[in-house]
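Asks: I have a structure here, written as structure tokens, and I will follow up with some questions on it.
Just so it is clear, none of the values below were taken in a lab; they were calculated from the coordinates. It should be emphasised that the depicted structure is a prediction, and the values quoted were computed from it without experimental measurement. Using ideal geometry, Cβ is built from the backbone for each residue, glycine included, and neighbour counts are taken over all protein chains shown.
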Amino acid sequence: MIEELKQHVLSGGLIGQEQAARLATISDKEALYEAAHAITRRFLGNRFDTCSIINAKSGNCGEDCKWCAQSAHYATKVNLYPLLPAEECVRQARQNHAQGIRRFSLVTSGKRLTDGEVERIAVIAHRIKQEVPAIHCCASLGLLKPEQMRTLRESGIECYHCNVETAPSYFPTLCSTHTTEQKLETLRAARAAGMRVCSGGIIGMGETMAQRIEMACLLQREQILSIPLNLLQPIPGTPLQDVPPLTEEEILTTIALFRFINPRAYLRFAGGRAQLPGTLLRKCLHVGINAAITGDMLTTTGSKAAADRELFMSAGYSLDENTDWEE
């Protein structure tokens, strides 16, 4: 069955939830992982895409997402501060570009920004494009309105990020203050404004493998070509602080299934990967991870860019090729 479905995908076909569920039960996991590797190489070669983020506004979020240190509902030790000045954002963009990072994203806490805050972000993005013209500017600013998206696009922001986080069937157990549909409306508004979109989620929050497949298929239907995959890093003070970590097999199988379901997407290692041993990181890169957020994450320590570059290249990837994905 693995070979049959691999050939189906390699020939341009797509698989759905039922087929992916069958793959998840395969006992020969190594064969599954090698098939996913072959799909990655066929459609994306050895290209690897890097990006970095700046936590441009931190904490005091009114949403009740159970995984998040920035939620005001939970007693965490996250730093609290308003929107950073333009000078600091430009400085970090320049620093990231100097390390060979291609994309730089402005990320803020909260359900959405005010019109005034969006205007300030637009000024920051314009400054970045003027002073670091070679870097691609992205944003992750919550559930914005269409007119706010247009303001961002006019400022030079090329890509908008909004994670669906988990399967629609599981999301209501983790967050009650907004919905998956609102996230999808946000992504569609960003596309309508002329931006590329980036969306993924977090695995290891208590969801089933079937629900991970459900999320992957949702991203397939929305034609998402940049998919961040976060591993839950339990934050003390949040409701998920005691969730046990996923096994190596669960992580690798999830990556393989995401690759089968989204063969042309960049699967982007994001938060939580720093907790994995090097041997497992290299296996993840072999199975289907071909992009990453590098540098520090939002509220947890990430990986240093130089060490990451060495890791990615040792896995056979090139960081010097064009990795712009087509919408």
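Asks: Place a label point 7 angstrom from the Cα of Glu87 along the Cα-to-Cβ direction, then list the residues of the range 117-141 whose backbone nitrogen is under 14 Å away.
Replies: none
Asks: Something else now. Please give the contour-minus-distance gain from Gln275 to Lys29: 0.36 nm per residue of separation, less the Cα-Cα distance, rounded to one decimal in nm.
Replies: Roughly 86.3 nm would be gained on extension.
Asks: Just the number, please: percent antiparallel of the DSSP beta bridges in the chain, rounded to the nearest 5.
Replies: 10 percent
Asks: Using Cα springs under 10 Å in a Gaussian network model of the chain, which residue among Phe48, Phe171, Phe269 shows the largest mean-square fluctuation?
Replies: Of Phe48, Phe171, Phe269, the most mobile in the Gaussian network model is Phe171.
Asks: First check a/c for the range 137-179, with a ≥ b ≥ c the square roots of the eigenvalues of its C-alpha gyration tensor; if it is under 1.5, answer rounded, and if not, answer prolate when a/b is larger than b/c or oblate otherwise.
Replies: prolate
Asks: Going by how many other beta carbons lie within 10 Å of each one, how would you line up Ser155, Ser226, fewest first?
Replies: Going from sparsest to densest Cβ surroundings: Ser155, Ser226.
Asks: A further question follows. Write down the Kirkwood hydrodynamic radius of the range 32-162, to one decimal in angstroms, obtained as one divided by the mean of 1/r over all alpha carbon pairs.
Replies: 16.1 Å
Asks: Lysine pairs in the chain with alpha-carbon atoms under 30 Å apart, 8 or more places apart or on different chains: how many are there?
Replies: Pairs that pass both the separation and distance tests number 28.
Asks: For every other residue with a beta carbon closer than 12 angstrom to the beta carbon of Arg212, add +1 if it is Lys or Arg and -1 if Asp or Glu, then tell me the sum.
Replies: In short, -4.
Asks: 5 Å is the cut-off here: which amide hydrogens, built 1.01 Å from N in the peptide plane, fall below it relative to Ser140, excluding neighbours closer than 5 in sequence?
Replies: Hits under the 5 Å cutoff: Leu106, Val107, Thr108, His161.
Asks: Along the Cα-to-C-beta direction of Arg112, a point sits 7 Å from the Cα; which residues of the range 157-176 have their amide N less than 16 Å from that point?
Replies: The answer is 161-163, whose backbone nitrogens lie closer than 16 Å to the label point.
Asks: Further, regarding this structure: What percent do you get for the relative contact order of the chain when only Cα pairs under 8 Å and 6+ apart count?
Replies: The normalised contact order for the chain reaches 23 percent.
Asks: Show me 172-182, 187-197 ranked by packing, highest mean number of other Cβ atoms within 10 Å first.
Replies: Answer by packing, highest mean first, reads 187-197, 172-182.
Asks: Given N residues in the range 1-100, what is Rg(Cα) / (2.2 N^0.38 Å)?
Replies: With N residues counted in the range 1-100, Rg over 2.2 N^0.38 Å equals 1.70.
Asks: Going 7 Å from the Cα of Glu18 toward and past its Cβ, which residues in the range 230-266 have a backbone nitrogen under 20 Å from where you end up?
Replies: 257-258, 260-262
Asks: Another question, then. Relative to the longest principal Cα axis of the chain, at what angle does helix 278-287 sit, 0 to 90 degrees, rounded to 10?
Replies: For 278-287 against the chain, the angle is about 70 degrees.
Asks: Mind giving me the FRET efficiency for Glu185 and Ala72? R0 is 30 Å, r the Cβ-Cβ distance, nearest 0.05 is fine.
Replies: After rounding, the FRET efficiency stands at 0.80.
Asks: Continuing with this model, one more query. Regarding the range 29-314, what are the three Cα extents along the principal axes, ordered largest first, in Å?
Replies: That gives 52, 39, 34 Å along the principal axes, largest extent first.
Asks: Tilt of helix 29-44 relative to the longest C-alpha principal axis of the chain, in degrees (0 to 90, nearest 10)?
Replies: With both axes taken from Cα atoms, the answer is about 50 degrees.
Asks: Between His126 and Met209, what length in nm is gained on full extension when 0.36 nm per residue of separation is reduced by their alpha carbon distance?
Replies: Once the chain is fully extended between His126 and Met209, it gains 25.7 nm.
Asks: So what's the angle, to the nearest 10 degrees on a 0 to 90 scale, between helix 305-314 and the longest Cα principal axis of the chain?
Replies: 20 degrees
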